[in-house]
Amino acid sequence: MVAVPLAFELFFLSVLIFQLDQAEKDRIAAAHIRAVRAQSDVILADFYDAAASLLPFAGNPNSMEGSRYKEIVATLPAEVDKLVAMASSDEERGHLISARPTLMRGVALLEDLEKMVNESKGDITGLMRLQKRRKEIAITVGNMKGELNRLLAPSDSAAFSLPQRELESVSRTKLFIYIGALASVLVALLVAYFFSKEIVDRLKTISDNSLKISLDEPLNPPVGGDDEISSLDIMLRRMSFSLRDARRKESAVLDNALDVICSIDRNNRITSINPAAFSIWGYEPVQLLGSNVLELASEQSRGQLLQALEGYKKNPVFSMEVVVDTAPGQLKEMRWSANYGADEESWFCVVHDISAAKEVERLKQQFVAMVSHDLRTPLNSLLNLLTLLSESAYGQLTDTGLQRVRAVEGEIERLIRLINELLDLEKLETGIDALSRSPAAVSDIADASITAVLGFAAAHKVQLVNDCRTRATLSVDKARVIQVLVNLLSNAVKFSNPGETVVLSCEDVSDKKGRGSVRISVKDRGPGIADDKLTGIFERFTQLDGAKKKAGTGLGLAISKAIITQHQGRIGVDSKPGQGSVFWIELC
């Protein structure tokens, strides 16, 4: 498209150069004609002057030397040769050469006339003869003039027409310039029109494709080309393919999600919902589209849900439990997690069925209550009875009987301890047993923990070292933190050989967010822990291979983790087989 005006401009420039070149040739030709005519006029004038200047010397030929006549006669042949040499073409040169004999005859006639002047004695007869020869010279000069005029007639005609031709050439050049300028403008406008039309059409196609992408419709054919627009079209198509693939994946996620995912507008009407609504609520998605979401909530939950939906300005995110009235007529407890989109003016909700979890929680609470009342109380009574028997309150027992009673007493104590730890763990995880925080010095916590385990360590012949190097004070439940450290110290003592040392250290550190915290570590030189055992070591009833020979319930570390979690702290272990273990907690 760009080559069209360029080719036209080159053509226009070529024609303009041709016109200027032709005008220059005409100017040169005119100058040449004028020069030839001037030279011929010089020759004729020289003949007249020579003839006129010869007669005064008729009476005194000796005074002719150095006169004008001699000068003219001497230069005439050269002037004739100069005229011939001025020919610009072979044809003109032929014409001038053909005129040369005539000119040279004139020169010969002047020479004859000069001879007669030299021979004359100044008498009347000699003068008469000179006068007669002068007339002959006039006739010869006339012939010469006629011959030159005849030969130069075409040049004179051309010279006469040159001004007119120059005017016509100038007029043609101006007209051509005007026409060329107008044609250039028209071509530029046409090219601009077609070029812009092509660009507009291609951009319109891209704009239409963008609309089709939003509507998930097939795109128009490619615009083609090798420019930025075609690159934009290619990128738009790639984006379309990516969006289509993302929509497909998103649709697959929504269609196969186990939770109900829906959007709710400002009028509390459901605008979209996934198929999980049928499996969880018993309603087909088409039944719920356009309906008021408050109609799904039970009467006791409806006000709470309405308040959350209408409070999008203050709280654009909420999570709450709502009881839903399902299609079978059952009430199910659901966890609603919602986020308000200001641009869409809609709530986007994920609804998780927690009715089964709630039922399990109720059963767990019932079990805890049953264990606490129906199992622990009789066991305590039985333990008291066995204690009385071992102390001979009901008579003296034999040695074998006493040994059996004490063995059963130990097992019941272990069972009661297991029940107490289970109840303790459940209370911690459910939040029933709240923390009682108060400021406590870390050094005091370390001292109390070491003191509580001194007797146990002495029985195992293990030395305890208190290496607390911080003066920090923490807001914690002191008794619970001591409980954790006592458990860690007791485990370290159990897994240490006699004569070894267990070190309790405290130091100031920074957590992942840059906040100051305190790390309390318990280091032993026991057998260490294998890497595959580290991940589940804080789970319930987890015991290492070496721990099976030690007395324990397998709940100590789980309880410790629950206590530290309630403190928003961290608990962990660093260990390698054969190199001992370091259990640590971080509190801030």
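Which condition breaks for residue 455 when tested against (1) over 59 Å from the mean Cα position of the chain (by Cα); (2) crowded, with 16+ Cβ neighbours inside 10 Å; (3) not hydrophobic (A, V, I, L, M, F, W, C)? The one condition residue 455 does not meet is (2). The residues listed here are 203, 236; of these, the one that is more than 30 Å from residue 341 (Cβ to Cβ), outside the structural domain of residue 327 (by TED's automatic domain parsing) and in contact (Cβ under 8 Å) with a residue 24 or more places away in the chain is 203.
Select from region 546-587 the residues that are assigned to a loop (DSSP other than H, G, I, E, B) and among the aliphatic types (A, V, I, L, M) and write down the one among them that is modelled with the highest pLDDT. Don't jump to the end; show me each part of the working.
Step one: list which residues in region 546-587 are assigned to a loop (DSSP other than H, G, I, E, B), which gives 550-555, 567-569, 576-580.
Within this subset, residues satisfying the condition of being among the aliphatic types (A, V, I, L, M) are 551, 555.
Details: 551: 53, 555: 78.
Here the answer is 555.
Please count how many residues of region 429-467 are touching a residue at least 40 places away in the same chain (Cβ under 8 Å), hydrophobic (A, V, I, L, M, F, W, C) and either under 15 Å from residue 518 (Cα atoms) or not in a loop (DSSP other than H, G, I, E, B) (or both). Final tally of qualifying residues: 8.
Screening residue 365 on (1) assigned by TED's automatic domain parsing to the domain that holds residue 424; (2) of a type outside the set (D, E, K, R); (3) surrounded by 15 or more Cβ atoms within 10 Å (Cβ to Cβ) shows it passes everything except condition (3). In region 251-308, which residue that is in contact with a Phe, Trp or Tyr (Cβ under 6 Å, 6 or more places away or on another chain) and of a type in the set (A, V, I, L, M) is surrounded by the most Cβ atoms within 10 Å (Cβ to Cβ)? Checking each candidate, the answer is 277.
Can you spot a residue in region 211-226 that is in a helix (DSSP H, G or I), among the charged types (D, E, K, R) and under 30 Å from residue 336 (Cβ atoms)? Checking region 211-226: not a single residue is in a helix (DSSP H, G or I), among the charged types (D, E, K, R) and under 30 Å from residue 336 (Cβ atoms).
Restricting the first member to region 567-581 and to residues that are aliphatic (A, V, I, L, M), and the second to residues that are assigned to a loop (DSSP other than H, G, I, E, B) and surrounded by 17 or more Cβ atoms within 10 Å (Cβ to Cβ), the beta-carbon pairs closer than 9 Å and six or more apart or on different chains are 571/538; 573/529; 573/537; 573/538. Of 214, 242, 171, 196, which residue is at pLDDT 80 or above and not acidic (Asp, Glu)? Sole residue among the options that is at pLDDT 80 or above and not acidic (Asp, Glu): 242.
In this structure, is residue 529 under 56 Å from the mean Cα position of the chain (by Cα), assigned to a loop (DSSP other than H, G, I, E, B), modelled with pLDDT of 80 or more and closer than 13 Å to residue 582 by Cα?
Yes, satisfied.
Residue 509 satisfies every condition listed in (1) under 23 Å from residue 561 (Cβ atoms); (2) outside any strand (DSSP E or B) except (2). In summary, residue 324 fulfils each of the numbered conditions (1) assigned by TED's automatic domain parsing to the domain that holds residue 275; (2) of a type in the set (Val, Ile, Thr); (3) surrounded by fewer than 12 Cβ atoms within 10 Å (Cβ to Cβ) with the single exception of condition (3). Can you confirm whether region 177-195 contains a residue that is aromatic (Phe, Trp, Tyr), in the same structural domain as residue 11 (by TED's automatic domain parsing), within 30 Å of residue 21 (Cα to Cα) and surrounded by 11 or more Cβ atoms within 10 Å (Cβ to Cβ)? Within region 177-195, not a single residue is aromatic (Phe, Trp, Tyr), in the same structural domain as residue 11 (by TED's automatic domain parsing), within 30 Å of residue 21 (Cα to Cα) and surrounded by 11 or more Cβ atoms within 10 Å (Cβ to Cβ).
Every residue, every condition in (1) in contact (Cβ under 8 Å) with a residue 60 or more places away in the chain; (2) assigned to a loop (DSSP other than H, G, I, E, B); (3) over 20 Å from residue 332 (Cβ atoms), yes or no:
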residue: 253; (1), (2), (3): no, no, yes
residue: 263; (1), (2), (3): yes, no, yes
residue: 271; (1), (2), (3): yes, no, yes
residue: 280; (1), (2), (3): yes, no, no
residue: 287; (1), (2), (3): no, no, no
residue: 290; (1), (2), (3): no, yes, yes
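The values are calculated or read from the model by the stated rules, or taken from the named source; none is laboratory data. This structure is a prediction, so every number in the text was calculated from the model and none was measured. Positions of Cβ are backbone-derived with ideal geometry, glycine not excepted, and every protein chain shown enters the neighbour counts.
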